[in-house]
1. Considering every residue within region 68-82, establish whether at least one is within 30 Å of L35 (Cα to Cα), in contact with an Asp or Glu (Cβ under 8 Å, 6 or more places away or on another chain) and at pLDDT below 95.
2. For the list (1) surrounded by 13 or more Cβ atoms within 10 Å (Cβ to Cβ); (2) farther than 17 Å from E137 by Cα; (3) not basic (K, R), I need the number of the one condition that V79 fails.
3. Pairs only if they're at least six apart or on different chains, beta carbon under 9 angstrom, first in region 199-213 and under 15 Å from S26 (Cβ atoms) and free of Cβ contacts under 8 Å to residues at least 60 places away in the same chain, second basic (K, R) and crowded, with 16+ Cβ neighbours inside 10 Å; list them, first residue then second.
Amino acid sequence: MASHRYDDHHRDVHGSGVRAAVFGASDGLVSNVLLIVGLAGASASPGVVRAAGVAGLLAGAISMAAGEYVSVRAQNDLVARELEKERRAIADDPEEETEELAQLYVERGMTTTQATEMAHLVMQNPEVALEVHAREELGVNPNELASPVRAAAWSFAAFAIGALVPLVPWFLSSASAVIWLSVAAGVVGAAAIGATLALATGHSVFRGVLRHVGIAGIAAITIHFVGVGLGSFVQL
């Protein structure tokens, strides 16, 4: 049998790894650009900027990874609790669960007869019944829950890479113009993230790039002037 011609057109839109990577990279890039630009605006020494940049990278990456792990783990625990309740319901009161499933099929367009037949077929296998109930009632696939460790690892690595982009120029040069190299690296990084998201979602690359660069640029300009103001009162 020939394969369906649309089979290769779909992506895993529920995978937490890609989501954690994209948002981690974006957060790392923007947060460290703002930190660096703010310190530079306050006339901090290159050594202070480098130290703060590395500290921001590590603190942010660890925080992002921990938050992602806790979030995904909590979500999985919640799903597991609901699955256990559903498993007990299927074992203790299969008739009611069959009627409930049949009603769901009726709401999706089946006739009462078709829905009842389908529900009885599904309920013949408890594991299949649990998976179907989970999909229909909870909107999850119990066999495809996200991995907390994987999500945390993606988040840590992505944030660190994003935060490293505007920091690299400070390890290569101590000249006064290094701030502009850092800003340029941030712009390129933001453009790359915007283009990647646009290509993944099928949206306009130009708009995606413009949106991400614009947001990062406005935030950086604002923080720069905040740093200039603080520099008048604090000697770094």
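1. Within region 68-82, not a single residue is within 30 Å of L35 (Cα to Cα), in contact with an Asp or Glu (Cβ under 8 Å, 6 or more places away or on another chain) and at pLDDT below 95.
2. Checking V79 against (1) surrounded by 13 or more Cβ atoms within 10 Å (Cβ to Cβ); (2) farther than 17 Å from E137 by Cα; (3) not basic (K, R), the one that fails is (2).
3. none
Here's the yes/no breakdown for (1) over 30 Å from L83 (Cα atoms); (2) part of a helix (DSSP H, G or I):
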site	(1), (2)
V140	no, no
A152	no, yes
I161	yes, yes
F171	yes, yes
S176	yes, no
L181	yes, yes
A195	yes, yes
H212	yes, yes
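The values are calculated or read from the model by the stated rules, or taken from the named source; none is laboratory data. Predicted model only: the values in this text are computed from it and were never measured. Neighbour counts are summed over all protein chains in view; Cβ atoms, including those assigned to glycine, are modelled from backbone coordinates with ideal geometry.
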